[in-house]
There are 2 protein chains.
Amino acid sequence: MFKNWPYDRCMTTAPNPGEPRWLTAEEQAVWRSYLHATTLLEDSLDRQLQRDAGMPHVYYGLLVKLAEAPRRRLRMTELAKDAKITRSRLSHAIARLEKNGWVRREDCPNDRRGQNACLTDRGFEVLKKAAPGHVTAVRQAVFDRLSPEQVRQLGEITRIMAESLQPDGTDADLPWLR
Amino acid sequence: MFKNWPYDRCMTTAPNPGEPRWLTAEEQAVWRSYLHATTLLEDSLDRQLQRDAGMPHVYYGLLVKLAEAPRRRLRMTELAKDAKITRSRLSHAIARLEKNGWVRREDCPNDRRGQNACLTDRGFEVLKKAAPGHVTAVRQAVFDRLSPEQVRQLGEITRIMAESLQPDGTDADLPWLR
DNA sequence: CCGAGCTAGTTCAATGTTCAAGAATTGGCC
DNA sequence: GGCCAATTCTTGAACATTGAACTAGCTCGG
């Protein structure tokens with residue numbers, strides 16, 4: 001019989017050949033809680049940044065990466081890898097940010113295929129203006145609610161999860177390189 | 001001085017008036033790890049489900065909610081609340097799922113404004129076929145890698161995060177009701 | 001029973017994302 | 001050098017999401 005389909009079923013029987021191991025009741029509850037939290041948080045940050053900075057969270061993340069890079073510029077592929085997005089998505093995103101005047105493309109000196117995305121002064125200003133609100137939002141939703149021990153746990157758990165999805169640091173044939 | 005702009009800066013000085021409390025080095029590392037993990041996981045599940053079931057993760061989630069509901073149907077607003085998405089997004093999603101023949105709309109008997117989304121038999125079959133692969137993917141990325149203690153911790157942490165973003169169970173003027 | 005305000009759901013236009021295809025360049029290998 | 005495969009980035013079309021405006025129906029106080 002199904003209990004709480006489709007995550008757990010047939011809990012009392014040994015897994016048939018071809019049947020996956022369904023989630024236990026606790027795993028299921030945790031998974032839903034995880035989905036719940038990540039969805040709400042991402043939506044909330046997107047809305048906050050759209051309102052205060054005129055861009056979605058991912059785009060903000062791109063500006064952050066650029067701001068931290070030496071000379072505030074990065075090769076497209078490098079940036080895509082850092083941000084864990086496809087190069088296609090990055091192309092579109094940079095096009096938009098360029099139209100806003102927050103990023104500038106320039107040719108890569110040594111590789112004529114390459115492009116550098118450079119954060120402009122205006123882009124930096126926008127980022128500087130948006131950062132306090134963003135950090136506050138992150139704090140309020142996460143770090144101010146968790147104990148130091150829980151913060152440590154969250155770091156360890158997400159480290160493990162990320163590792164399983166992107167084995168060590170290898171860039172080898174990962175989807176975002178397509 | 002900036003250390004690792006823009007998440008932490010001025011760590012050694014007391015917060016100026018108007019300055020937010022920046023993230024500590026550890027909080028920052030945890031936050032990046034969190035973003036990293038959640039991005040990779042969501043992308044991975046989206047790709048897995050797109051490949052195996054022809055729909056993104058969110059749409060799959062909608063089918064799951066419907067499958068679990070009494071008589072496999074839910075009011076649109078109810079479904080939107082459950083799935084934590086806006087009604088607009090849901091309208092589009094159901095339109096697409098309806099075109100696929102996986103969901104059917106029907107008028108609500110007692111409220112003529114209302115619509116029920118009903119999972120069709122075909123939709124149920126698609127779900128049944130996709131579920132094993134999905135559960136396996138979730139297991140491989142999360143539950144098979146974490147200790148029972150970590151699973152418990154993750155549940156508690158995400159519960160707290162979700163709570164802060166959607167205070168108790170109230171449906172009061174939340175963004176997805178717009 | 002009537003009107004103001006609320007609720008349910010949809011639609012439109014603008015924006016963002018994906019996937020597959022394509023153009024330009026590079027690098028290894030003979 | 002010259003060829004083939006791989007790398008870099010872009011493009012365009014299809015699809016998904018957002019936010020605001022809109023229609024229709026409900027509700028409740030007077």
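The values are calculated or read from the model by the stated rules, or taken from the named source; none is laboratory data. Fair warning: this is a prediction, and the values are worked out from it, not measured in the lab. Ideal geometry is used to build each Cβ from the backbone, glycine not excepted, and the neighbour counts take in all protein chains shown. Each accessible area value is taken on the protein alone, full model and side chains, heavy atoms only, with ligands, DNA and RNA left out. Shrake-Rupley method; radii C 1.70, N 1.55, O 1.52, S 1.80 Å.
Which links in A:Lys65/A:Lys129; A:Lys84/B:Lys129; B:Lys65/B:Lys128 stretch past 24 Å when you go from one Cα to the other?
Exceeds cut-off: A:Lys84/B:Lys129.
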At A:Ser88, with labels set 7 Å past Cα in the Cβ direction, how many nm apart are the copies from this one, shortest first? 2.5
Calculate the mean, over all residues of peptide B:38-51, of how many other protein chain Cβ atoms lie within 10 angstrom of the residue's Cβ. 4
Suppose every Lys and Arg Cβ carries +1 and every Asp and Glu Cβ carries -1, with no other charges. What dipole size does segment A:53-149 come out with about its Cα centre, to the nearest 20 debye? 300
Cα gyration tensor of segment B:37-165 diagonalised, 5x eigenvalues square-rooted, in angstrom largest first, produces semi-axes 28, 19, 13
How many angstrom lie between the C-alpha centres of segment A:70-94 and segment A:114-160? 18
Mean accessible surface per residue for segment B:7-146, computed with a 1.4 Å probe while every protein chain stays in place, in Å²: 48
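Rounded to the nearest 100 Å², what's the accessible area chains A and B bury against each other, both chains counted, probe 1.4 Å? Show your work: numbers first, answer last.
Values: alone 12270 and 12270 Å², together 17950 Å².
Answer for the A-B pair: about 6600 Å² buried.
Would you kindly state how much longer the chain becomes between B:Asp144 and B:Glu125 on full extension, computed as 0.36 nm times their sequence separation minus their alpha carbon distance, in nm to one decimal?
Stretched out fully, the B:Asp144 to B:Glu125 stretch lengthens by 4.1 nm.
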Going by Cα centres, segment B:23-64 and segment A:25-50 are how many Å apart? 10
Would you kindly derive the ³J(HN,Hα) couplings of segment B:58-75 from the backbone phi angles with the Karplus curve 6.51 cos²θ - 1.76 cosθ + 1.60 (θ = phi - 60°), listing them in order in whole Hz, with x for Gly and Pro? 4, 5, 4, x, 5, 4, 4, 4, 5, 4, 8, 6, x, 6, 6, 8, 8, 4
